[in-house]
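The values are calculated or read from the model by the stated rules, or taken from the named source; none is laboratory data. None of the values given here were measured: they were computed from a predicted structure. A quick note on method: Cβ atoms are made from the backbone with ideal geometry, for glycine too, and the neighbour counts reach across all protein chains shown.
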Amino acid sequence: MVKLTTLAIATLVSAALESSAVAAESAQKLSGMQIRAKFIGMQLTDEVHFRDVYDRDGTLRSYSDGKMKAGKWTIERNEICVYFEEPDDGCYEVWLSGDRIEMKPSGLGLSIEGILQLPTDRN
């Protein structure tokens, strides 16, 4: 019985790892032009904790924990750069996999993951 349980767990772990490897392989790094085309006028959200609205004029509105902060966004050297005048300002490579976006920082920091959609506060 123990061998069967161990085998089942090993099979599940193997399948999960294989599935994440396939997802990583299908991710496409976006160019600056592709980033601009995808992000302009859209919001990036995890659908629970945050949403960042990338306005056409370069304004970035970030909503998290019931608070809004305003900053700027721009494209530099095939990366999206965000500026809130905070220590976590910086530039990110953008990777697309299906409808999922992953923003990987150029320097130190955490990746940002979510989906792009029309802003919920769109006029």
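Test Asp57 against the stated conditions and say whether it is loosely packed, with under 12 Cβ neighbours inside 10 Å and either of a type outside the set (Ser, Thr, Tyr) or over 17 Å from Asp89 (Cβ atoms) (or both).
Values: loosely packed, with under 12 Cβ neighbours inside 10 Å: yes; either of a type outside the set (Ser, Thr, Tyr) or over 17 Å from Asp89 (Cβ atoms) (or both): yes.
Spelling it out, Asp57 is indeed loosely packed, with under 12 Cβ neighbours inside 10 Å and either of a type outside the set (Ser, Thr, Tyr) or over 17 Å from Asp89 (Cβ atoms) (or both).
Those residues that are touching a residue at least 24 places away in the same chain (Cβ under 8 Å) and not β-branched (Val, Ile, Thr), I need them from the range 111-123; list them, please.
First pass over the range 111-123, keeping only residues touching a residue at least 24 places away in the same chain (Cβ under 8 Å): 112-121.
Passing the criteria: Glu113, Gly114, Leu116, Gln117, Leu118, Pro119, Asp121.
When you scan the range 35-51, how many residues do you find that are without any contact (Cβ under 8 Å) to a residue 12 or more places away in the chain and surrounded by 15 or more Cβ atoms within 10 Å (Cβ to Cβ)? Number of matching residues: 0.
Do you know which residues across the range 85-99 are surrounded by 13 or more Cβ atoms within 10 Å (Cβ to Cβ) and touching a helix residue (DSSP H, G or I) at 6+ places or on another chain (Cβ under 8 Å)? Correct list: Val94, Leu96, Ser97.
Looking only at residues in the range 77-110 that are in contact (Cβ under 8 Å) with a residue 24 or more places away in the chain and not in a strand (DSSP E or B), the one that is farthest from Gly58 (Cα to Cα) is Gly98.
How about the range 58-76: which of its residues are in a loop (DSSP other than H, G, I, E, B) and more than 16 Å from Gln43 (Cβ to Cβ)?
Step one: filter the range 58-76 for residues in a loop (DSSP other than H, G, I, E, B), giving 58, 65-66.
Result: Asp65, Gly66.
Condition check ((1) within 13 Å of the chain's Cα centre (by Cα); (2) at pLDDT below 95; (3) more than 16 Å from Phe39 (Cβ to Cβ)) across all residues:
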site	(1), (2), (3)
Asp65	no, yes, yes
Ile80	yes, no, no
Asp89	no, yes, yes
Gly98	yes, yes, yes
Lys104	yes, no, no
Leu108	no, yes, yes
Pro119	no, yes, no
